[in-house]
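The values are calculated or read from the model by the stated rules, or taken from the named source; none is laboratory data. All values reported here derive from a predicted model rather than from experimental measurement. In this analysis, Cβ positions are derived from the backbone assuming ideal geometry, glycine residues included, and neighbour counts consider all displayed protein chains.
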Amino acid sequence: MPPPPPSALRPGIIPLRPLGLGDILDGTIKFIRSNPKSVLGLSAIAALLVSVPLAIGQAFVLNTMGGALADPTTPPGELTGVYGVAAQYGGTLISYAIQFVVVTLLTGVLTRILGRAVFGGNLTAGQAWQLVKGRIPALFGVVGLLAAIMLVPMALFVLLFVLLMTAISAGSSSNGTIGLMIGLIFLFVIGYFALYLFIRTRFAFASPIVVLEGKGPIEAMRRSWRLVTGDFWRVLGILLLTSLLVGLVAFVVSVPFTLAGTLFGMLGTGSVANAVVSAVLIALGATLSAMFTYPFEAGVAGLLYADRRMRSEAFDLVLQTAAIEQQRQGWVHASADELWHPSNSARS
């Protein structure tokens, strides 16, 4: 009976060979556990910044509804009031704007920390920021381009919806025409979701490439497209599974706080103290859930990127050679970060 093959080197969070699903998920958990102060600390700050405006808007709406429900003369259509609606949508828009900035920065820093963790090294948040700050414009370029790609069909959808509402309110359209437009909107929604999955999968590695390889936005997106080619469905499946897992965890963590915040807000009958408690509880639930969601998704994307390079460029040979040298020296040198450049690939 032949002896089992030797196990792959594992100086850090993953074995230095093509990765299976279990390796990617296990490596992501090890990534978070190996440097919790930087990974979870930064994620908690980012999550709090994103959650607070949304929580304040929701608490204001719930508090307004609580006061309106206590008044039996309030018409059902005016339970939230004009200010409640403004607070809700205003908080949501502010939250999305903050998320665009903060999560982009966080992804860059976490990816740099992940790149060193593959070799068993650690970076503080400050050290990671010093290495990433020069790549911030390119990171925003990638996120901005992806947002623009997705906003164009969304603008068409909004235009179609406005035309439908105008036709219905004017009463100038027949039932057949309205049914056709509703059917087109339904198909458009399905098509848009498929487009989102396609874009997300094809450009899943653009941010890691910007940070670890130093590419510009366009070149990073092109390289991500090439890396995904030949393994599209596997990458899509792992990304979808990751979203399902983190969504489930986020739901379980946030639900108790959200329910408590909702009860405080609605039963407060306009009390300022209840509104404050409601906002704190809602923000706390959203922060706790997102502080695990952000690093987990960034970790999976980064390790999937490493896996695709190992499979398509024999990058595992480069990593193994570097790991053997680091073991000989007894420490992880900063030059390990340069190994991610594509010129170091065995098949470049």
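Okay, here's what the table says:
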read-out: Residues being surrounded by fewer than 19 Cβ atoms within 10 Å (Cβ to Cβ) and under 16 Å from Gly299 (Cα atoms) - total across segment 196-229; value: 1
read-out: Residue match in segment 249-261 (condition: surrounded by fewer than 16 Cβ atoms within 10 Å (Cβ to Cβ), over 30 Å from Ile136 (Cβ atoms) and either at pLDDT 95 or above or of a type in the set (Phe, Trp, Tyr) (or both)); value: yes
read-out: Residue in segment 267-281 that is at pLDDT 85 or above, under 18 Å from Ala47 (Cβ atoms) and surrounded by fewer than 23 Cβ atoms within 10 Å (Cβ to Cβ) present; value: no
read-out: Any chance Gln88 is more than 14 Å from Tyr294 (Cβ to Cβ) and modelled with pLDDT of 90 or more; value: no
read-out: Within segment 100-111, considering residues that are among the hydrophobic types (A, V, I, L, M, F, W, C) and modelled with pLDDT of 85 or more, the one surrounded by the most Cβ atoms within 10 Å (Cβ to Cβ); value: Leu110
read-out: Selection status of Ala97, crowded, with 20+ Cβ neighbours inside 10 Å, at pLDDT below 90 and under 26 Å from Met291 (Cβ atoms); value: no
read-out: Out of Ile168, Ile238, Ile185, sole residue that is at pLDDT 95 or above and either under 20 Å from the mean Cα position of the chain (by Cα) or hydrophobic (A, V, I, L, M, F, W, C) (or both); value: Ile238
